[in-house]
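Below: one structure, written as structure tokens.
The values are calculated or read from the model by the stated rules, or taken from the named source; none is laboratory data. Please read these numbers as outputs of a predicted model, since none were measured by experiment. Cβ placement follows ideal geometry from the backbone for every residue including glycine, while neighbour counts extend to all protein chains displayed. Remember, those area values only see protein heavy atoms, side chains included, never the ligands or the DNA or RNA. Shrake-Rupley method; radii C 1.70, N 1.55, O 1.52, S 1.80 Å.
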Amino acid sequence: LTGLRIGIPLAVWREVFYREDTADNTEAKKKRFQRARSDLVKIGKLTVEDDVYFTGPSFPNIADQLGGGAND
């Protein structure tokens, strides 16, 4: 499987998150960002490669699920 993947670098995502978050202070924003980032990766909504975040599972994982992985 091939296709265009669009990701967002961690530093850019963090900057936007902090700017839009309604927490009262930087420490609270930091905790909320870390929790959101971790949770989204954990449930498979985001993948990360070299501090760049992408939506959904990575292409190799999709290929493996469809039976077309690199090891076939």
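Some notes on this structure:
- Filtered residues of the range 3-17 (kept if under 16 Å from the mean Cα position of the chain (by Cα) and of a type outside the set (A, V, I, L, M, F, W, C)): Arg5, Gly7, Pro9, Arg14, Glu15
- Residue match in the range 61-72 (condition: among the hydrophobic types (A, V, I, L, M, F, W, C), modelled with pLDDT under 95 and open to solvent by less than 100 Å² (accessible area, probe 1.4 Å)): yes
- Boolean, Lys42 is at pLDDT 95 or above and not polar (S, T, N, Q): no
- Residue within the range 18-38 that is part of a helix (DSSP H, G or I), open to solvent by 50 Å² or more (accessible area, probe 1.4 Å) and aromatic (Phe, Trp, Tyr) present: yes
- The C-beta contact set for the range 31-56 (first residue among the hydrophobic types (A, V, I, L, M, F, W, C), second residue loosely packed, with under 11 Cβ neighbours inside 10 Å, distance under 8 angstrom, 6+ apart or interchain) comprises Phe54/Ile6.
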